[in-house]
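Okay, structure first, notes after.
The values are calculated or read from the model by the stated rules, or taken from the named source; none is laboratory data. Since the model is a prediction, treat every value here as computed from it, not as a measurement. Backbone-built Cβ (ideal geometry, glycine too); neighbour counts: all protein chains shown. We work out accessible area using only protein heavy atoms, side chains counted, and drop any ligands, DNA or RNA first. Shrake-Rupley method; radii C 1.70, N 1.55, O 1.52, S 1.80 Å.
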Amino acid sequence: MGDALGSHASISGDGKFVVYQGVPPVPPGAEADTEAGAEADGEATPGDPRTTTVYLSNREDGTTVELSPIPAGLRHGDTVRPVISGDGCSVVAVTEMALDVFRDDDGGERWDVYRSVLPHCGGAIGNWELVSTRNDGFGLARDDVRPDQSPAVSRSGAEVAYVHPDDRLFDAPGVNTITLVDLTVPVADPARSVIVTGMPIDRPNTTFVHVGIDQPAISHDARYVAYRSDAVSSEAVPTWGTGLVDGERATQQVFVWDRQDADPFTAVRLVSALPSGAPSRVGAGEPALSRDGRVVAFTSADPSIVDATFPQCTDECPTQIYRLDRDPDDNGIFDEVGSTTLDLVSADPHSDALVAGTGASSQPALSADGQLLAFISKATNLQLIQAPGGGEPSDGDVLVADTGREGLRRVTVSSDGVRPTIGAHARPQLSDTGRITVFDTLAASQLLDEGAPAGRQVVALSSPPRLSLADADVGTTLVGVESAGWFVGLVNDGPSGFEPAEVTISDSRFVLDPENSTCLVGTLVPAGSRCNVAFTFRPTSSSAVNATLTVAEAGFGAVSVASQLSGTGGEPALQISPGGADLGSVDVGETATEFLFDVSNIGFLPTSIDRIVIGGAHPGDFALSSNNCDNRPLNPRASCAVGILFTPSDSGRRTALVEVFTPRGQSTSVILAGDGRFAPELATFTSEVQAGREFILGGVDYPANEELTIVFGDGPTDTVKVTTDATGGFVAIVPVASNERGGARQIVVQSPRGVAATAPIEVIEDSQQYVGMPGFGLGG
């Protein structure tokens, strides 16, 4: 989708459904307002007093339907802030319309939360259930929900959290709280709606301005609720917090409430804490939770939360993105004392030290497992090529961080895969695997090849994982006897997760071994991770057997990966030790240390090695380097050594199957793997160039025969395209515009795959040029 005018998008866990707020449809006979102002926050469509309604887009069939049409005879009203449940079955939104005619009085200025079960899950368009009710025994509508705060919904859609004024506090206008509603509980039952733990029961009594609790986020089962609060919510008896200046706002912090913890001293935990455990001095906000509640992401402008280099700031520092892992030792126990890990995410990935972003980063969103974190950033030091400014104050670049892997991936690049769009994007959300990123933007025309209409609109971009699965040959196995266990490794090279739903082998003589496999159905394989498929082989004859091993996802946008398995029935004669090896990460074109393996005669008769064959997915990257098995007998229980060299020809996972045969055709094999990486270098052949002239730029160790983009990274203007030769090198003449900014600049040369290198160069502006001085006019 890319032509959906609107904003505030939410995506289902599988990435199939997207809901968003947009302009109402044009009534029959009325002309559409096609100006750029006709957006989610623009003027109303002629003939319809509403400015905002809610839509559902099905990314599988391309259909879009309005979810909040005006019922006949009902007062018109806007519907905003839609959120779809993780299972894709329910949508929750905030609306002015009294969609429950029995419990909603439709009087005055009013907002309430409603839920709609979608048609593909047994519901109907326009059938809304009132969520925001009062605990008055009748379940009447509250009428006072905050429309500027998005509700939060559990994965099943049964639990909903929303923000409203706390009417329990006498004479405390503007103080909000969060109510959590369990829609499986009857309306008249007081347990249906509960105020979150952590809210003081008395009105504020400090010298600071308080707004209470807001910004809810909940885990998939609604056990954990994260929120922002200006109270000391983690105390057994919560009290109102303080601020920095009397008469101004109290400091807001991020907390997480465990609904299953009955201990008032531990039920609510402070998330935005300093290393000492004290609350952040300037506070935090915008909490996001992983599906199980283990990972919390949030924003803070406090430079004391972690030990890093922060930009110099006098008044208000830029907000940064943080990620708290509440169970880093993976023992299933959250928030053990001294066992949480807080990381600065919005940090310069190209610096050896931990350096925070130079501009504000905000609006974090997590994948289901919490490994991928998307956010908006205005920082200029988080990418080699800066994005041009533009858009609204809360807009910026969309970046994605991958825990445990270096770098920040820019989502918002133009259709050439290199140049960034203007930084006019906001409110990113991720599907469960992180494969789909949905956000609203003013730069859709720069993101999509097919173009897009003017105005703010919702865009969903896909980043499928790069998967590899090694081939395997189990060699010769006795007929009718089950072989020893074998396994092949599935590697997910990212940038998103992979969730196996089915593992199959096309021939029943190969038998899966689930107990020893880690590629398990329903277990996510995160980007940068691997899992193993274990199996055995039982031949029924002396014939060769070939089969296909497939590991596949299910549902919308599913991907799969396959490899070839082979084996032969007969009298085994050879065995290789070790049975497999990972040769590590090596620069493309460079050679790893020689890998040696032993070939042993496990039979009862002498034999010899007839041939060694290198096959598999990337046989050209592996070469036979030594072989003392050649031209010699191999007696029972004797062994000989073979050496292999790994020289990757491309980046990513590279695998090979090395098979060793006797003259009688008996065989054994070893699976080898390694990772290739590009490490390009640049040379400018001069240290400075005057504006309006040219300079020569050379590069090596890029992908072969690939188009590269050359641009000033610290303020991109015009670009130059060049294609590498068969060795991955290039030489280019780079023109510099006559109006190019002077000073110390950085040239970036990048491929669409993200392979990049930089080089410094001094640009001399026209006003700085003096005739006769050495160094001027180079490259011209």
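Among the numbered criteria (1) open to solvent by 10 Å² or more (accessible area, probe 1.4 Å); (2) assigned to a strand (DSSP E or B); (3) without any contact (Cβ under 8 Å) to a residue 60 or more places away in the chain, which one does Cys531 miss?
Among (1) open to solvent by 10 Å² or more (accessible area, probe 1.4 Å); (2) assigned to a strand (DSSP E or B); (3) without any contact (Cβ under 8 Å) to a residue 60 or more places away in the chain, the lone unmet condition for Cys531 is (1).
Which condition number in (1) among the polar types (S, T, N, Q); (2) open to solvent by less than 40 Å² (accessible area, probe 1.4 Å); (3) under 30 Å from Gly13 (Cα atoms) is the one that Gln260 fails?
(2) is the only condition that Gln260 fails.
Identify all residues within the stretch 195-248 that are small (Gly, Ala, Ser), assigned to a loop (DSSP other than H, G, I, E, B) and under 35 Å from the mean Cα position of the chain (by Cα); write none if there are none.
Hits for the stretch 195-248 are Gly198, Ser219, Ala222, Ser233, Ser234, Gly241.
Against the definition (in contact with a strand residue (DSSP E or B) (Cβ under 7 Å, 6 or more places away or on another chain), in contact (Cβ under 8 Å) with a residue 40 or more places away in the chain and in a loop (DSSP other than H, G, I, E, B)), how does Asp292 come out, yes or no?
no
Which is open to solvent by 10 Å² or more (accessible area, probe 1.4 Å) and at pLDDT 95 or above, of Leu399, Leu430, Leu408?
Leu430
Can you go through Val755, Val763 and tell me which one is touching an Asp or Glu at 6+ places or on another chain (Cβ under 7 Å), modelled with pLDDT under 95 and crowded, with 20+ Cβ neighbours inside 10 Å?
Val763
Test Ala544 against the criterion of being open to solvent by less than 40 Å² (accessible area, probe 1.4 Å), of a type outside the set (Ser, Thr, Tyr) and at pLDDT below 95, and give yes or no.
No.
On the given criteria, is Asn176 touching a Phe, Trp or Tyr at 6+ places or on another chain (Cβ under 8 Å) and more than 21 Å from Arg323 (Cα to Cα)?
For Asn176, the condition - touching a Phe, Trp or Tyr at 6+ places or on another chain (Cβ under 8 Å) and more than 21 Å from Arg323 (Cα to Cα) - is not met.
If you take the residues of the stretch 661-685 that are more than 14 Å from His618 (Cα to Cα) and within 30 Å of the chain's Cα centre (by Cα), which of them is least open to solvent (accessible area, probe 1.4 Å)?
Going through the qualifying residues, I end up with Pro680.
Can you find a residue in the stretch 473-482 that is assigned to a loop (DSSP other than H, G, I, E, B), hydrophobic (A, V, I, L, M, F, W, C), more than 30 Å from Gln21 (Cα to Cα) and open to solvent by less than 40 Å² (accessible area, probe 1.4 Å)?
Within the stretch 473-482, not a single residue is assigned to a loop (DSSP other than H, G, I, E, B), hydrophobic (A, V, I, L, M, F, W, C), more than 30 Å from Gln21 (Cα to Cα) and open to solvent by less than 40 Å² (accessible area, probe 1.4 Å).
Looking for whichever is at pLDDT below 95, surrounded by fewer than 17 Cβ atoms within 10 Å (Cβ to Cβ), in contact with a Pro (Cβ under 7 Å, 6 or more places away or on another chain) and among the hydrophobic types (A, V, I, L, M, F, W, C) here; the options are Val559, Val521. Which one fits?
Testing whether each residue is at pLDDT below 95, surrounded by fewer than 17 Cβ atoms within 10 Å (Cβ to Cβ), in contact with a Pro (Cβ under 7 Å, 6 or more places away or on another chain) and among the hydrophobic types (A, V, I, L, M, F, W, C) leaves just Val521.
Just to verify a result, which residue in the stretch 156-169, among those that are open to solvent by 10 Å² or more (accessible area, probe 1.4 Å) and assigned to a loop (DSSP other than H, G, I, E, B), is farthest from Thr197 (Cα to Cα)?
Ranking the candidates gives Ser156 first.
In the set Thr340, Thr314, Thr299, which member is surrounded by 15 or more Cβ atoms within 10 Å (Cβ to Cβ), at pLDDT below 95 and among the polar types (S, T, N, Q)?
Going through Thr340, Thr314, Thr299 in turn, just one is surrounded by 15 or more Cβ atoms within 10 Å (Cβ to Cβ), at pLDDT below 95 and among the polar types (S, T, N, Q): Thr340.
Being in a strand (DSSP E or B) and open to solvent by 20 Å² or more (accessible area, probe 1.4 Å) is the requirement here; does Gln386 meet it?
no
Restricting to the stretch 410-432, count the residues that are touching a residue at least 60 places away in the same chain (Cβ under 8 Å) and either in a loop (DSSP other than H, G, I, E, B) or of a type in the set (S, T, N, Q) (or both).
Matching residues across the stretch 410-432 total 7.
May I ask you to say which residue of Ile576, Ile602 is more than 35 Å from the chain's Cα centre (by Cα), open to solvent by less than 40 Å² (accessible area, probe 1.4 Å) and either closer than 22 Å to Ala544 by Cα or modelled with pLDDT under 95 (or both)?
Answer to the selection: Ile576.
Any idea how many residues of the stretch 77-110 are open to solvent by 20 Å² or more (accessible area, probe 1.4 Å) and either at pLDDT below 95 or touching an Asp or Glu at 6+ places or on another chain (Cβ under 6 Å) (or both)?
12
Of all residues being among the hydrophobic types (A, V, I, L, M, F, W, C), touching a residue at least 40 places away in the same chain (Cβ under 8 Å) and touching a Lys or Arg at 6+ places or on another chain (Cβ under 9 Å) in the stretch 129-152, which is surrounded by the most Cβ atoms within 10 Å (Cβ to Cβ)? Just the residue, please.
Val131
Does the stretch 562-573 hold any residues that are open to solvent by less than 40 Å² (accessible area, probe 1.4 Å) and either charged (D, E, K, R) or farther than 20 Å from Gly480 by Cβ (or both), and which are they?
Ser563
Would you pick out the residues in the stretch 63-115 that are on the phi > 0 side of the Ramachandran plot and without any contact (Cβ under 8 Å) to a residue 12 or more places away in the chain?
Listed by number, the list holds a single entry, Gly73.
Which of the residues belonging to the stretch 608-632 are in a strand (DSSP E or B) and either in contact (Cβ under 8 Å) with a residue 40 or more places away in the chain or of a type outside the set (A, V, I, L, M) (or both)?
Scanning the stretch 608-632 gives Ser608, Arg611, Ile612, Val613, Ile614, Gly615, Phe622, Ser625, Ser626, Asn627.
Per-residue answers, yes or no, for (1) modelled with pLDDT under 95; (2) open to solvent by 60 Å² or more (accessible area, probe 1.4 Å):
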residue: Ser154; (1), (2): no, no
residue: Asp171; (1), (2): yes, yes
residue: Leu183; (1), (2): no, no
residue: Pro190; (1), (2): yes, yes
residue: Ile213; (1), (2): no, no
residue: Arg223; (1), (2): no, yes
residue: Ala236; (1), (2): no, no
residue: Val256; (1), (2): no, no
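Check Gly713 against each of (1) of a type outside the set (Phe, Trp, Tyr); (2) closer than 20 Å to Pro420 by Cα; (3) open to solvent by 20 Å² or more (accessible area, probe 1.4 Å) and name the one condition it does not meet.
With (1) of a type outside the set (Phe, Trp, Tyr); (2) closer than 20 Å to Pro420 by Cα; (3) open to solvent by 20 Å² or more (accessible area, probe 1.4 Å) applied to Gly713, the lone miss is (3).
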